[in-house]
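> Have a look at this one before I ask anything.
The values are calculated or read from the model by the stated rules, or taken from the named source; none is laboratory data. Computed from a predicted structure; not experimentally measured. All Cβ positions, glycine included, derive from the backbone under ideal geometry; neighbour counts span all protein chains shown.
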Amino acid sequence: MKRDIEQLSQGTYDVLVVGAGIAGACIAWDAAQRGLRVALIDKGDFGGATSANSMKTVHGGLRYLQDANLPLVRKMIYERKAMMQIAPHLVHPLAFMMPTTHKLMKSKPVMQAAMKLNDMISFDRNQTGDPQKELPNGHAISRAECLELMPGMDASKITGGVVWYDAQMYNSDRMLLSFILSAVEVGAHVANYVQADGFLQDGRQIEGIQARDVLTGEAFNIRSRLVINAAGGWTDGLLNAVNGVATKTRFNLSVAVNLITPQVYSDYAVASTSDYTYKDKNGVERHRSNMLLIVPWRQYSIVGTFHRPYSGHPDEYVLTDEAIAEYLNEVNTAHPGVNLKPEDVLWHHEGFVPMEEGGDEYDGIDLVREDSIHDHSSEDGVDGLLSVVCVKYTTARALAEKVVNKALKKLERPSINCRTAVTPIHGGHIKQFLTYLSRQIADAPYDLKPPVLEHLVYNYGSAYRQVLKYITENERWLEPLPGDSDAIAAEVVHSVRSEMAVKLSDVILRRMELGTGEYPGDDTLEAVADIMRQELAWTYEKMHQEIAECKRIFKRVEEKEPVAAL
Ligand SMILES: Cc1cc2nc3c(=O)[nH]c(=O)nc-3n(C[C@H](O)[C@H](O)[C@H](O)COP(=O)(O)OP(=O)(O)OC[C@H]3O[C@@H](n4cnc5c(N)ncnc54)[C@H](O)[C@@H]3O)c2cc1C
């Protein structure tokens, strides 16, 4: 996958997707697979915005049972199974647990009934052909078991618990990248760091976009019969650039935050309702109630998700220490024994999710539950433009299927069945994950140790040998990178040569996830930067700039160690 800006300005695409979050990535893959001429751009790195910050849960929609929204629950169950099948190395079962209380809707009989109903609705969830992907039935556990597994919880309200199974992405950044790599394999043209600044418009017909290479500042046009605005939290900002589109809000911004901490609970993701009191900025005591999850991921816990309305520009959002303190108060009230402190917050993930209108900073917000597609020809009389609002990583593939169905109609192309739910994405050509993994460990190419092979297979799946192909050129690339991970130097080379990594942060955060859980350390940053310097012919000055820029992303590190000292 090569970054070829010149190519983008040649000819006319059928579909140009603006925004390479999970929605745009899935649309590009589906549209290219169905034979359309596709381009995909992002103003930052692929998946660098909200999609990089998801909790990594592939939901089966259990929570929507309480709304009796059975079609949505079924859809999410289907998508969970599809994701486990098309990316078996990246999506794995995860056990969830929730305490029951004396409140009727959280009582043991009601929760047990919900588990039963959930199992019935998801009767076909295990038809994947892979025993490792099996999701057992939900069941109740005793109060004693519950307290043993969740020692941090406030025991006074607990009557017992329930356990159910969902799925989790091992590496959501590589999941997104795999959709993009798949799109490229079937002909899509893609580029990161290309911003849509405006539209090419003939009256009420959109004919493409005015683009800018963010790395060089060069402006150019990309022509397309259909433009798909998949800009996430920037959707409305992009629409403001269209002459003739009504300025009503399509993506009502709210900010969602997760905190990364040392691991709190190891075997289960723990769900609980947090009821806590806090002071607003005028010092008035207020009450808030929220669904809280503490999810094990690698050696960490992902704690959240905390939702607040947001009225600023998406580029200007900053997570404050006050907000972190409030979130910790919320967790510690629900799990007094856990007692998380600000210094336990290793890193934070935040992004934008759409909320219903009327959300209030103090009394909470109502999140939009279903994805939507806006056809601006019927909504505004402007042709050649669709906007999509994606509300869940889990449903992005299904959203893309609908978008491409619509695109085919608009382009007056014959309808072609969507195959993305059953076609393995890049690296996903694995029938039974554990069998595949143990075979690779037994083969041990280059005598690689089991933890390194495990790391490679979990991240790159059936494509992991592509990472090893560079070893014939330089055996030293088999060496591990400094730090705690099992990553090897060849992965950095692969990120640059085959995965369009152009900045140090692309590799650290999204190709190799070296810094997704916490600051990876100066040694790791420097080792990766030095390989990139050689690959991309950076000067030493440029390399130090990249290191400084990367450190600035990890603000907590910058505070401890001024960048000026570099
Ligand atoms: C904290 C948090 C936890 C979550 N947890 C889960 C979870 O566990 N499971 C789940 O299913 N979902 C979860 N979600 C929801 C899920 O992450 C989002 O619904 C999804 O990632 C949205 O993807 P997107 O592609 O619409 O947006 P984004 O990922 O934001 O992508 C939009 C892209 O458009 C680009 N862009 C914007 N303007 C322009 C322009 N002018 N030119 C070019 N590019 C542009 C941006 O750079 C960005 O990369 C979570 C969300 C958050 C914030």
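> Output the number of the condition that T394 fails; it satisfies all remaining conditions of (1) under 24 Å from L509 (Cα atoms); (2) part of a helix (DSSP H, G or I); (3) in contact with a strand residue (DSSP E or B) (Cβ under 6 Å, 6 or more places away or on another chain).
Failing condition for T394: (2).
> Also, quick follow-up: For the range 147-174, what are the residues that are of a type outside the set (G, A, S) and over 23 Å from K56 (Cα atoms)?
Selection gives L147, E148, P151, M153, D154, K157, I158, T159.
> Could you check the range 296-339 and list, in sequence order, the residues that are of a type in the set (V, I, T) and buried (at least 16 other Cβ atoms within 10 Å of the Cβ)?
Residues satisfying the conditions are I302, V303, T305, I324, V331, T333, V338.
> Starting from the range 94-118, keep only residues that are within 17 Å of Y165 (Cα to Cα), then list their pairs with residues that are small (G, A, S) and surrounded by fewer than 18 Cβ atoms within 10 Å (Cβ to Cβ) whose Cβ atoms are within a distance under 8 Å, requiring at least 6 positions of separation or different chains.
Close Cβ pairs (under 8 Å, with a partner that is small (G, A, S) and surrounded by fewer than 18 Cβ atoms within 10 Å (Cβ to Cβ)) amount to T100/S107; T100/A140; M111/A140; Q112/A140; M115/A140.
> Check G237, G233 and return the single one that is outside the structural domain of S311 (by TED's automatic domain parsing) and closer than 30 Å to N332 by Cβ.
One residue alone meets the criteria, G233.
> Could you list all residues from the range 461-492 that are in a helix (DSSP H, G or I) and crowded, with 23+ Cβ neighbours inside 10 Å?
G461, A490, E491, V492
> Among the residues of the range 244-269, which ones are away from the ligand (no atom under 16 Å from the Cβ) and at negative phi?
A246, T247, K248, P262, Q263, V264, Y265, S266, D267, listed by residue number.
> Related question: Please verify whether L509 is of a type in the set (A, V, I, L, M, F, W, C), more than 23 Å from H348 (Cβ to Cβ) and at pLDDT 95 or above, treating the condition exactly as stated.
no
> If a residue has to be within 16 Å of the ligand (Cβ to nearest atom) and part of a loop (DSSP other than H, G, I, E, B) to count, how many in the range 338-357 make the cut?
Of the residues in the range 338-357, 3 are within 16 Å of the ligand (Cβ to nearest atom) and part of a loop (DSSP other than H, G, I, E, B).
> Tally the residues that are among the hydrophobic types (A, V, I, L, M, F, W, C) and within 13 Å of the ligand (Cβ to nearest atom), restricting the search to the range 366-385.
3
> Also: State yes or no: is E518 assigned to a loop (DSSP other than H, G, I, E, B) and not assigned by TED's automatic domain parsing to the domain that holds I180?
Here the answer is yes, as E518 does meet what is asked.
> Every residue in the range 200-236 that is within 12 Å of the ligand (Cβ to nearest atom) and more than 25 Å from E401 (Cα to Cα), please.
Selection gives Q210, A211, R212, D213, V214.
> Take the residues in the range 50-60 that are surrounded by fewer than 23 Cβ atoms within 10 Å (Cβ to Cβ) and aliphatic (A, V, I, L, M); name whichever of them is nearest to the ligand (Cβ to nearest atom).
The extreme case among them is M55.
> Yes or no: the range 368-385 includes at least one residue that is closer than 30 Å to N282 by Cβ and of a type outside the set (S, T, Y).
yes
> Going by the structure shown, is L411 out of contact with any helix residue (DSSP H, G or I) (no Cβ under 8 Å at 6 or more places or on another chain), at pLDDT 95 or above and more than 16 Å from the ligand (Cβ to nearest atom)?
yes
> If I go through the range 227-253 residue by residue, how many of them are touching a His at 6+ places or on another chain (Cβ under 6 Å) and among the β-branched types (V, I, T)?
Looking only at that region, the number is 1.
> Being surrounded by fewer than 16 Cβ atoms within 10 Å (Cβ to Cβ) and free of Cβ contacts under 8 Å to residues at least 40 places away in the same chain is the filter here; which residues of the range 378-405 pass it?
S378, the sole residue that qualifies.
> Does the range 209-217 include one or more residues that are touching an Asp or Glu at 6+ places or on another chain (Cβ under 8 Å) and part of a loop (DSSP other than H, G, I, E, B)?
no
> Quick one: Y13 ticks every box in (1) within 14 Å of the ligand (Cβ to nearest atom); (2) among the aromatic types (F, W, Y); (3) buried (at least 22 other Cβ atoms within 10 Å of the Cβ) bar one, so which box is it?
Against the list (1) within 14 Å of the ligand (Cβ to nearest atom); (2) among the aromatic types (F, W, Y); (3) buried (at least 22 other Cβ atoms within 10 Å of the Cβ), Y13 comes up short only on (1).
> Taking only the range 19-48 into account, find how many residues are assigned to a helix (DSSP H, G or I) and more than 8 Å from the ligand (Cβ to nearest atom).
Residues that pass the stated criteria total 8.
> Does at least one position in the range 61-74 carry a residue that is within 11 Å of the ligand (Cβ to nearest atom) and either in contact with a helix residue (DSSP H, G or I) (Cβ under 9 Å, 6 or more places away or on another chain) or hydrophobic (A, V, I, L, M, F, W, C) (or both)?
Scanning the range 61-74 turns up at least one residue that is within 11 Å of the ligand (Cβ to nearest atom) and either in contact with a helix residue (DSSP H, G or I) (Cβ under 9 Å, 6 or more places away or on another chain) or hydrophobic (A, V, I, L, M, F, W, C) (or both).
> Go through the range 49-94 and give me each residue that's closer than 30 Å to V318 by Cα and assigned to a helix (DSSP H, G or I).
Matches in the range 49-94: T50, S51, A52, N53, R63.
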